[in-house]
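The values are calculated or read from the model by the stated rules, or taken from the named source; none is laboratory data. Predicted model only: the values in this text are computed from it and were never measured. Glycine gets a Cβ as well: all are built from the backbone with ideal geometry, and neighbour counts include every protein chain shown. Just so you know, the surface numbers come from the protein's heavy atoms only, side chains and all, with ligands and any DNA or RNA stripped out. Shrake-Rupley method; radii C 1.70, N 1.55, O 1.52, S 1.80 Å.
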Amino acid sequence: MMALYGYFRSSTSYRTRIAMNLKSLDYDYIAVNLAQDEQLESAFKLLNPQGLVPVLQADDLLLYQSPAILEWLEDIYPDNPLLPKDASGRMQVRAISAMIGCDIHPLNNRRILQYLRNELSVDEEDVITWCNRWITEGFAALEKILAKDKTRGKFCYGDNPTLADCYLIPQVASARRFKVDLSAYPNIIEIDAHCRRLKAFTDADPMVQPDAPKSQ
Ligand SMILES: N[C@@H](CCC(=O)N[C@@H](CS)C(=O)NCC(=O)O)C(=O)O
């Protein structure tokens, strides 16, 4: 059985959970409480010296960096593929994934925001403005790419969920948390709504993870 070290609200953990669910893979969920900096403790840094979640343990293999984990899952568990067969389709899915994973998410992930708040004394309103700036720029470009693809079904690419959807849905959740007005991105909203009706996505939702705060 694999073990996934993650945090309920972490987008990179969320995208990994979606991919594992889409491939119907069982795993133990091991919560690493980022709010209490458990990721910086020496025990966790033995798993990932970067002090970042997710980490996936598969037998004696320790996997880190969600893009590499997702590609590894695709290589080792080819059923329910998350990449198209053709090279240009694979390029397109990886490009959308990179727009989110390389160019949007890193600018609004927790440690960057904590640095803005705690080291640079940026107030919460400006932190939200910062997040909005980078999410809206990325989403505006992504919306154009999605609108232009006339062969696209209900997902980011083609008629089936791909890695691109694993990246997009957590980024939309995080955009909502940062109060981004999503009305200018109808294709993104539609893909998000469609994916969030599927069990692989709902089971990966932050609020149903064992470490999510219990609702009153
Ligand atoms: N590129 C890495 C980024 C991982 C990452 O930034 N993880 C965040 C949670 S989404 C984290 O562990 N943050 C720790 C912190 O804020 O100190 C990946 O995709 O795995």
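Among the GluC sites (Glu not before Pro) within segment 3-77, those in coil by DSSP and having at most 13 neighbouring Cβ atoms inside 10 Å are Glu41. Separation of segment 1-27 and segment 60-88, taken as the distance between their Cα centroids, equals 13 angstrom.
Toward the positive end of the charge dipole of segment 87-200, with +1 on the Cβ of Lys and Arg and -1 on the Cβ of Asp and Glu, the farthest Cα among Phe155, Ser121, Val172 is that of Phe155. Simple point charges give the picture: +1 on the Cβ of Lys and Arg, -1 on the Cβ of Asp and Glu, and for segment 87-200 a dipole about the Cα centre of about 540 debye. Placing a pseudo-label 7 Å from each Cα along the Cα-to-Cβ vector at Asp60 and Asp37 gives an inter-label distance of 3.4 nm.
With 27 Å as the limit, the listed pairs Lys23/Lys179; Lys144/Lys179; Lys144/Lys214; Lys179/Lys214; Lys150/Lys179 have Lys23/Lys179; Lys144/Lys214; Lys150/Lys179 beyond it between alpha carbons.
What percent of all Cα-Cα pairs in the chain falls into each 10 Å bin, going from 0 up to the bin containing the maximum distance? Using 10 Å bins, I get a P(r) of 8, 34, 38, 18, 3 for the chain. Computed with a 1.4 Å probe over protein heavy atoms only, the accessible surface of segment 59-175 comes to 53 Å² per residue. By accessible area, using a 1.4 Å probe on protein heavy atoms only, the chain has 53% of its surface on carbon and sulfur. Each Lys and Arg Cβ is given +1 and each Asp and Glu Cβ -1; about its Cα centre, the chain then shows a dipole of about 600 debye.
Farthest towards the positive end of the charge dipole of segment 1-102, among the residues Gly6, Thr16, Ala98, is the Cα of Ala98, using unit charges on the Cβ of Lys, Arg, Asp and Glu.
Kirkwood Rh over Cα pairs of segment 43-139 into Stokes-Einstein at 10 °C, 1.306 mPa s: D in µm²/s? After rounding, the answer is 100 µm²/s.
Note on Trp72: accessible area is roughly 50 Å² with a 1.4 Å probe, heavy atoms of protein only. For the pair Arg110 and Lys144, a Förster radius of 35 Å applied to the C-beta separation gives a FRET efficiency near 0.75, rounded to the nearest 0.05. Helical runs assigned H by DSSP (4 residues or longer) give the chain a calculated mean residue ellipticity at 222 nm of -15000 deg cm²/dmol, each run adding -39500 (n - 2.57) before division by the residue total. Sorted from longest to shortest, the spans of the Cα atoms of segment 87-200 along the three principal axes equal 47, 27, 27 Å.
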